[in-house]
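Have a look at the structure below before the remarks.
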Amino acid sequence: MWSIIKLAQGCLLSPKLFFRYSQAMLPVLAVLFIILLSYGLIAGLILAPADYIQGDAFRIIYVHAPCAFLSLFIYAVMAAAAICALVFNLTLAHLVIRHSASLGAGFTLLALITGSIWGKPMWGTWWIWDARLTSELILLFLYTGIILCQSALAQKMRGERAVAILVLIGFIDIPIIHYSVYWWNTLHQGATLKLFAPSSIDSSMIYPLLAMIAAFLLYYAMVLFLRMGHELTAIKANHHWLEKMP
C-alpha cells in the first residue's frame, strides 16, 4: 500500500512518470470500460425489470445518473487540482483543469438533456425551475465560463491562476446541487445511491447502474490521460525527455 502511495505521489510530481504510467494503463482501462459498459447496457436496458411506477421510462437512469454523477465528480477533481495548482504550482494540476472542463461541460449538458427527457412523462414538462435543475444549469454555466476564461486569457501563468481561482469559487455550487433535494421541496427525486443508508433501488437495477457509473468514470480517465499525454508530448518535445525514457 505504501509503495502505491509513493508511486502516486511520484506521478503527481513528475510529468515524466505520469506520462509513462498513464499511457501504460490505457489498454487496461479500455478493456474494463468495454466490459462494464456492455454489462450495464444489457443488464439495465434489457434484463432489469420495469419500474412499478414509471415502467420502462425509468431506464434512462442508466445514462442520466452517471452523467449527473460525473458532472459533479469532474468538478470536484478540478477543485482539488486547483488547490494543488495554487499552492504547489504543479504542471499536471493545471493540465487536469484545462482538459477536464470540456468533459465536465459535456456530461453536465447530457445530464440536463436526459433529465428533461425523463421529466416530460413524469412531470408533464420538459423544464421547471426546480432547485436541482437550476443548480445543475448553473454548473453548466460555470464549466462554460472556465472554458471561455481559458481561451481568453493571453498570459499563460496569470491565466492559469485565474482559472484555478474561478474553479474554487464555483465549487460552492457542488454541495448546493447535492443537497438541493433535501434543503428545498423539489420535484426531483432524492438520491438513488446512498453511502450510509440502504439503497431504495432493487439489486437487479442497482448493479447495472453502478457498472454504468464505473464505465463513465473510466471513459473520463481515458480521455483525460490521452489529452494530457498529448500536451505533455508537445510541451516537452524540445527537451526530448520522452525519447530518453527507459
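General remarks:
- Residues that are at pLDDT 95 or above, part of a helix (DSSP H, G or I) and exposed (fewer than 14 other Cβ atoms within 10 Å of the Cβ) occur in the range 62-76; there is at least one.
- Residue check for Ser135: buried (at least 16 other Cβ atoms within 10 Å of the Cβ), in contact (Cβ under 8 Å) with a residue 40 or more places away in the chain and either among the hydroxyl-bearing types (Ser, Thr, Tyr) or not in a helix (DSSP H, G or I) (or both): yes
- Of the residues making up the range 12-54, just one is among the charged types (D, E, K, R) and either in contact with a Gly (Cβ under 7 Å, 6 or more places away or on another chain) or closer than 25 Å to Ile201 by Cβ (or both), namely Asp51.
- Within the range 128-145, the set of residues being β-branched (Val, Ile, Thr) and at pLDDT 95 or above comprises Ile138, Thr144.
- Enumeration of residues in the range 150-204 that are within 30 Å of Leu95 (Cβ to Cβ), among the charged types (D, E, K, R) and either modelled with pLDDT of 80 or more or not in a helix (DSSP H, G or I) (or both): Glu160, Arg161, Asp173
- Residues (modelled with pLDDT of 95 or more and either within 14 Å of Arg227 (Cα to Cα) or surrounded by 20 or more Cβ atoms within 10 Å (Cβ to Cβ) (or both)) located in the range 82-95: Ala82
The values are calculated or read from the model by the stated rules, or taken from the named source; none is laboratory data. Because the structure is a prediction, the values reported are computed rather than measured. In this analysis, Cβ positions are derived from the backbone assuming ideal geometry, glycine residues included, and neighbour counts consider all displayed protein chains.
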